[in-house]
Structures are given as C-alpha cells and as structure tokens.
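Notes follow once the structure below has been shown.
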C-alpha cells in the first residue's frame, strides 16, 4: 500500500484553562482574608493597578473605559445584573481594548460571566487552590479520577459522606444502598474502590480492617503481620504476644518484629486532615433583619478598591514595542482581576440571597426549623451551575441573627416526616440532643427508644441512624451514660 502525505482541516472544540480563567475560579472560593492577600499581592506586583483611597479623586463617568476602570462595587449596590460594558474606545490607546478583553478568556466579542463559561463547557472545574483540603474533598477528588460512571460516583459520594473525622465508615452498607438507590453488592464494590484511596486505611469499618488495608497496600506484605491482625487481633490488642507466638509456632522475636511494623501504622487515617488549631473567623457576609426583611451586606473591610493607573498613557506613548507589550500584558491582568473580584462579590451576594430565601424559617425561629437544602436547589434558583455554588460557599462564613455559620452549614439532607415534608438532619440532631438531655439519669434511653420517640413526632428514622447522629453529637451510648458521673 502506497504512503502519501495529505493536508486536511478539522474543526474541533476543547476547553482551555487559561491562567486568567484559573485566577477567576480561584477567587470564587477564597475567603475575605485570603482575597485581601491576593489583591494586595497583585497591587505590589502590577504597576498598572492602584488602590482608590478616600483622598483619590474619582474618575468621571464619561471617562474612557481603559483609562480608569471603575472599582469593584461597594456593599450598598444590591443589583445582581452584570454591569454594562462600554464599547467606547479611547484614541490614546494604540491597541484594541475589546480585543484584549476577548483574548483574556472570551472566545467571542461579548463579555460572558464565569457561570456562563461553566454552563457552556459543562465541566465542573475542580478547585484550583485550597490552603487545607478536608478529608472529604481529598477523597472526592480521587473519586472523580477513579471513575467516569455516574452510578459509581453517586455511591462513592455517599460512602465518603458517611466517614467520620478519623476516616472510618459509620454507616451500614444496606443503609448506603438505600440512600443511593443501589444494591448492597454495588455499594460493597465501590467501598473497595474508596478503600484504595489515599490515605491508606480510609473507609474502614473498624480498627482491624483499617490496619489490614494498610498492610495489604504494600506490594509484598509481611504474611506474619497480616495473620496477626487478621487472626489474632484480640491478643494483639491485649498485648498477649507470647500467646500469639505459641499459636503461630514462631519465635517471640519474629512476632515482635511484626508487632513493631503494626504499631507504626496509622489507626486514624483522617487525622492529618483534621485540625485542632484555634481559628478566628471573620464573617464574609452579614445578614441583618430590618423590619420584616433581611438585608445582605458583604464584608469588604480591607479589600482595596482597584482601578487602572493612568500612568500607562505616558508609558505607551514613550515606549517601544517590547515595553508596550509588557504594559498591554499588565493591563490585561489588571482588568481581569478587577472583573473577577466584581464577579466574585456579585456571585456571593446572589448565593447568600438565595440561601436566606430558602432558610427564612431558620432565621426567624431557630435551628429546629432548618430545612433540607441542596446545591442544586440554589443553583436552579439563581441560574448557576451547582459546582459554582460549591466554590462560592467554600471557606465562607455568614453572621446571622441566629449566630455565625459556614455557608455550607445550610446544605443538608433531609428525613421524611409524617406529613410528607422533609426535615433537616441538623434539626433531627437537635431533637435527639433535647430528648437525651431531658432523660432520667437513672434510666437512660436507648437508641431504639429515641427512634420510637421521634416516630411519635412524625419522623421516619431507623435506630442505626439515631446511633450515628448520637455519635456525631458526642453523646455516649445508654449503658455508658448510666455509669457516667452526672454534673450538678
């Protein structure tokens, strides 16, 4: 068969994550303090950016767009519509301003929001920068790379969502199967996938399984160590090493070598993702009640108001091509930062307004009236992709009349009540806490009795669900509460 060279044209579409688009996505998930650091760093590195201070004269409204770009909107501006873009160009610019903005991230000649970019690409871009990822975030990122199957991801998300802070699975396979609409065999298969993630030993159901998962992660595991954990775990936990040596017919020194290996394993795989350090939380949003309505105020204290320094005019007139290219690059970066900060603030306001609308009962009456809410609910309400909602609510806190809460606090699953409505899992935990606080210290209520008490209130809840919520509240089982000393 003869070989020949041939030229052909092919049109295709692909997603290109430009550095400027990465920056815009990054700004969405930064807290107010982190945003201050980013903006101040850019002020130091970009000579075309300057801070608008109270002493700085404001730019007239009819000034050219590229000469002095208006600063980010203040908290008093409640409009959620994108600011109109001006098509006017200045004669002093030796380049096309609109072309620069288009090259900065838009592939047509209209400004489109970051949300529109995500909806068009239909790709939930993952977090670009996280200062400290949680265990759930770390595992969910691995899950996205492990499988493209939507069913596997759905089950895996349920498995990860039922891990405690130490990395142990605190739900039965049957319970996860019921919640995810899958069979127990499918859940067990996905559980094995999650147990293969980093950190080693994660998603185990007890300490014995956790240690076995870590030992078998080694391509050539020590068979003696595996047998000790698998067969003689009770003796190991009681430090009866001589009994283990006799049962396995091995020398005590050989047993102790394996014991040392086992002792070096991590019994709490999620430990390194938790933090006991004290943190001072600065609210990103304030919610005030004025009369019968709630007002949203963004915390912009310390965030510099930005505009483009007019010095670039003289630089462009007096500089050569190399310097002009540098100035154009810095101008593009400055304009995109201003635009991205503006987009972040408007998106944060819209998301908070939607949460306030859904959780009005909670804001009025307290924790018992917190309603179930999902990212999809808020996304459909304000016309944004749920991945954007997830980023905006990351590391953000809101001060409300009911106290200070993380924005993700308002997103919870629900439990069906007798009248067909869903009750938030947080509200159910509050009910359990109140029931156990009012119990007779001499006759503590069992998890089954608490489940029956909740069923009388119209909630359909299983005993093991009560046990899981009780453990998350840090409340001991009934037989231990009977023995525990009571505070007077």
Exercise. Here are some residues: 265, 220. Which one is in contact (Cβ under 8 Å) with a residue 12 or more places away in the chain and in the same structural domain as residue 161 (by TED's automatic domain parsing)?
Worked result: 265
Exercise. Within the range 343-363, restricting attention to residues that are crowded, with 20+ Cβ neighbours inside 10 Å and over 13 Å from residue 392 (Cβ atoms), which residue is farthest from the chain's Cα centre (by Cα)?
Worked result: 362
Exercise. Is it fair to say residue 156 is surrounded by 15 or more Cβ atoms within 10 Å (Cβ to Cβ) and in contact with a strand residue (DSSP E or B) (Cβ under 9 Å, 6 or more places away or on another chain)?
Worked result: no
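Name the residue that is modelled with the highest pLDDT, counting only residues in the range 449-462 that are under 22 Å from residue 173 (Cβ atoms) and surrounded by 14 or more Cβ atoms within 10 Å (Cβ to Cβ). Before the answer, list the steps.
Of all residues in the range 449-462, those under 22 Å from residue 173 (Cβ atoms) come to 451, 460-462.
Next, from what is left, pick out any that are surrounded by 14 or more Cβ atoms within 10 Å (Cβ to Cβ): 451, 461-462.
Values: 451: 85, 461: 81, 462: 82.
Restricting to residues being under 22 Å from residue 173 (Cβ atoms) and surrounded by 14 or more Cβ atoms within 10 Å (Cβ to Cβ), the top hit is 451.
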For this session: Would you confirm whether any residue within the range 186-194 is surrounded by 13 or more Cβ atoms within 10 Å (Cβ to Cβ), assigned by TED's automatic domain parsing to the domain that holds residue 140 and either farther than 30 Å from residue 462 by Cβ or in contact (Cβ under 8 Å) with a residue 60 or more places away in the chain (or both)?
Result: no
Exercise. Considering only the range 141-195, how many residues are over 20 Å from residue 207 (Cβ atoms), outside any helix (DSSP H, G or I) and out of contact with any helix residue (DSSP H, G or I) (no Cβ under 7 Å at 6 or more places or on another chain)?
Worked result: 3
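Listed here are the residues, each with its yes/no results for (1) at pLDDT below 80; (2) closer than 22 Å to residue 427 by Cα; (3) assigned by TED's automatic domain parsing to the domain that holds residue 42.
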site	(1), (2), (3)
313	yes, no, yes
333	no, no, yes
340	no, no, yes
346	no, no, yes
352	no, yes, yes
364	no, yes, yes
Exercise. Within 18 Å of residue 146 (Cβ to Cβ) and without any contact (Cβ under 8 Å) to a residue 60 or more places away in the chain, is that true of residue 233?
Worked result: no
Exercise. So residue 197 clears everything in (1) over 23 Å from the mean Cα position of the chain (by Cα); (2) buried (at least 19 other Cβ atoms within 10 Å of the Cβ) except one condition, right? Which one?
Worked result: (1)
Exercise. Restricting to the range 270-291, what's the tally of residues that are at pLDDT 90 or above and assigned to a loop (DSSP other than H, G, I, E, B)?
Worked result: 0
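Taking the condition closer than 24 Å to residue 198 by Cβ, in the same structural domain as residue 198 (by TED's automatic domain parsing) and part of a loop (DSSP other than H, G, I, E, B), does residue 213 pass? Break it down into steps so the answer makes sense when it comes.
Numbers: closer than 24 Å to residue 198 by Cβ: yes; in the same structural domain as residue 198 (by TED's automatic domain parsing): yes; part of a loop (DSSP other than H, G, I, E, B): no.
Judged against the criteria, residue 213 is not a match.
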For this session: Please indicate, with yes or no, whether at least one residue in the range 373-383 is within 27 Å of residue 42 (Cα to Cα) and either within 16 Å of the chain's Cα centre (by Cα) or in a helix (DSSP H, G or I) (or both).
Result: no
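Which is outside the structural domain of residue 386 (by TED's automatic domain parsing) and modelled with pLDDT of 70 or more, of 31, 12?
On the way: 31 fails: outside the structural domain of residue 386 (by TED's automatic domain parsing).
Exactly one residue qualifies, and that residue is 12.
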Problem set entry | Selection status of residue 369, more than 15 Å from residue 285 (Cα to Cα), surrounded by fewer than 20 Cβ atoms within 10 Å (Cβ to Cβ) and in contact with a helix residue (DSSP H, G or I) (Cβ under 9 Å, 6 or more places away or on another chain) | yes
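The values are calculated or read from the model by the stated rules, or taken from the named source; none is laboratory data. Computed from a predicted model, the values in this text were never measured in an experiment. Glycine also receives a Cβ, built like all others from the backbone with ideal geometry; neighbour counts cover every protein chain displayed.
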